[in-house]
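The next block holds one structure in the form of structure tokens; read it before the comments.
Taken together, the values in this text are just the output of simple stated rules run on the coordinates, not laboratory data. Since the model is a prediction, treat every value here as computed from it, not as a measurement. Please note: Cβ atoms are built from the backbone with ideal geometry, for glycine as well, and neighbour counts cover all protein chains shown.
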Amino acid sequence: MSRIVPVGDRGAQCASLCVLASWLLLPAIAASSSNHRLVDGFPAPPVPRALQGYDGVTMTRARTGTVASMHGLISGCPEARQAKQSGQVVERVGVRGRSVTFVVGQAILAGCDRNPSARASYGRWCGTSGWNLVRRRVSDPRLDLCYDGHGRPVIAFGWINPVSRAKWIVIGQPGYREVYPVAAGLPVRVSTVSGLGGAGGAVFQTSQYDAAGVLLVRRKVVAAIAS
């Protein structure tokens, strides 16, 4: 396992990770789509035609812009003050989690995460993360665990690198799957409630599809705080 040196401290919940990525054969998705509301209370967007043959699929919402146009949204994120006004921002809203991802300079990917049941630590955000960005990819998902008022983890966030030709990244959740569109050529900030550990850990069941809905890769990513 390679040793990764972070660019400074990005928050109490953002530590170096031990990441194990392995191939995992998951049950096939089949049939229809689910009807979840997203964490902001609005209905999930329609499932793209290419994924409509898959069962239990819920679309997340992604919005892109610049630091200048989305300044109010990213306020409270520690790295936001260092980001260029022309820098890219991707906001993502899922069934349980909400996040922003943005570029600081040319070499750092930063972001903040939210959940209504989690204790806020940075303005409205329950966690913050940052990592080296090399060729539009990160070498570490930067696990961020958000906790409730009793110190129990309620949700985990992490970045997943899209593979070549990937249009959507799908994350397995209990009873359904969330679809995250790839946006702005950046790693995709996803969330999960699977495998949350009190000592710090989470499991991301990932699959990636191209624009035609063809499966490109499936991986199980187990993220844990390094000892």
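Assuming a ≥ b ≥ c are the square roots of the Cα gyration tensor eigenvalues, decide whether the range 17-225 counts as rounded (a/c under 1.5), prolate (otherwise, with a/b larger than b/c) or oblate. It comes out rounded by the Cα gyration axes. Would the range 100-223 count as rounded, prolate or oblate if I go by the C-alpha gyration tensor, calling it rounded below 1.5 in a/c and otherwise prolate when a/b exceeds b/c, oblate otherwise? Oblate.
Distance from the alpha carbon centroid of the range 133-147 to that of the range 164-209 works out to 12 angstrom.
Relative contact order for the range 17-225: what is it in percent, counting Cα pairs under 8 Å that are at least 6 residues apart? It comes to 20 percent, rounded to a whole number. At full extension, His150 and Ala50 could sit 31.8 nm farther apart than now, given 0.36 nm per residue minus the alpha carbon distance. Per-residue extension of 0.36 nm, minus the Cα-Cα distance of Ala212 and Ser194, leaves a gain of 3.7 nm for this segment. Could I have the simple spin-label model distance between Thr66 and Arg165, label points 7 Å from Cα toward Cβ, reported in nm to one decimal? So the two model labels end up 3.4 nm from each other.
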